[in-house]
């Protein structure tokens with residue numbers, strides 16, 4: 001992995017075209033001044049030691065040295081050291097219902113948005129724990145594999161909507177099964193699943209899934225979001241109309257507390273009913289914090305190796321070469337023919 005530690009210094013490279021232009025302009029002015037004294041061919045014969053090409057060579061070497069110095073102070077680095085970070089925490093998978101019923105507005109602004117806000121606040125409370133996201137409707141999908149990258153967790157969370165799952169419905173069992181299989185393979189790590197849903201399951205048997213998770217030592221908590229009285233489902237996010245059944249009746253979605261309570265009971269967890277003032281994630285997190293923390297290991301790039309010293313060394317070598325190149329021909333060096341025949345440097 002490569003990066004510049006101080007990339008802002010790379011703007012100094014913008015000076016190079018200006019320096020080239022200035023050098024061309026000064027060379028033009030110098031030729032104009034010389035031409036005032038007479039014929040340029042005669043002037044060259046009168047000044048056999050002057051070599052215009054050597055001036056260009058020195059200028060190009062200066063520019064290469066300047067470029068190397070600029071890249072050097074920008075501090076190029078390679079993340080070449082892969083180390084194993086160790087921290088104590090738990091693994092937490094959140095299974096979030098994204099079915100159309102989660103757009104009901106008995107929880108403001110709607111069930112789904114309120115749940116996303118609560119998850120975001122929960123992520124802010126995490127330190128050494130890992131978190132993953134499962135979204136489900138008629139089927140379940142991994143939105144974010146278990147990770148301790150909390151910035152990515154919040155980024156993925158912001159993109160969640162009912163449209164990301166092509167099949168509508170509510171398959172809580174599939175979500176629990178997928179979450180249980182998405183943890184790291186370590187048997188010693190404390191693992192928790194939190195299901196956030198209105199509980200209207202139509203696709204599978206979530207109690208069997210919860211029991212399978214419990215058999216693997218995974219605790220399943222549930223949060224019921226909605227009201228038992230129910231609320232209509234908006235036809236679209238900004239629509240004032242509501243979904244209707246085939247008979248034209250408005251579809252009302254109700255919180256199924258019984259199912260969610262049984263799921264939590266089957267897997268040693270707790271059921272919490274959400275309200276407009278409290279979704280219930282933070283109280284659950286207090287419960288989770290009392291669980292035993294186990295050592296989590298993760299491969300990370302812990303250090304970046306600076307490479308600027310090679311660029312500074314190159315700049316020093318170039319400046320040393322420039323020091324030995326004179327704008328006038330040196331008779332001793334000329335005999336060594338270091339830069340080709342005399343005619344080549346005119």
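Computed values, structure above
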| item | result |
| --- | --- |
| Lone unmet requirement of (1) surrounded by 23 or more Cβ atoms within 10 Å (Cβ to Cβ); (2) free of Cβ contacts under 8 Å to residues at least 40 places away in the same chain for residue 151 | (1) |
| Breaking point among (1) at pLDDT below 90; (2) under 27 Å from residue 322 (Cα atoms), for residue 80 | (2) |
| From 182, 186, residue being in the same structural domain as residue 114 (by TED's automatic domain parsing), under 21 Å from residue 145 (Cα atoms) and crowded, with 17+ Cβ neighbours inside 10 Å | 182 |
| Residue check for residue 8: at pLDDT below 90 and assigned by TED's automatic domain parsing to the domain that holds residue 315 | no |
| Residue satisfying all of: in the stretch 114-127; over 15 Å from residue 286 (Cα atoms) and surrounded by fewer than 16 Cβ atoms within 10 Å (Cβ to Cβ); nearest to the chain's Cα centre (by Cα) among these | 120 |
| Positions within the stretch 214-239 being over 13 Å from residue 102 (Cα atoms), in contact with a strand residue (DSSP E or B) (Cβ under 8 Å, 6 or more places away or on another chain) and free of Cβ contacts under 8 Å to residues at least 12 places away in the same chain, in sequence order | none |
| Any pair with Cβ under 7 angstrom, 6 or more apart, that starts in the stretch 245-257 at a residue that is free of Cβ contacts under 8 Å to residues at least 24 places away in the same chain and ends at one that is part of a loop (DSSP other than H, G, I, E, B) and surrounded by 11 or more Cβ atoms within 10 Å (Cβ to Cβ) | 245/251; 251/233; 251/243; 252/230 |
| Test: residue in the stretch 275-294 that is farther than 30 Å from residue 112 by Cβ, modelled with pLDDT under 75 and touching a strand residue (DSSP E or B) at 6+ places or on another chain (Cβ under 7 Å) | yes |
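Yes or no, residue by residue, for (1) over 18 Å from residue 268 (Cα atoms); (2) loosely packed, with under 15 Cβ neighbours inside 10 Å:
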position	(1), (2)
157	yes, no
165	yes, no
178	yes, no
203	yes, no
210	no, no
231	yes, no
244	yes, yes
250	yes, yes
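The values are calculated or read from the model by the stated rules, or taken from the named source; none is laboratory data. Predicted, not measured: the structure shown is a model, and the values here were computed from it. Glycine gets a Cβ as well: all are built from the backbone with ideal geometry, and neighbour counts include every protein chain shown.
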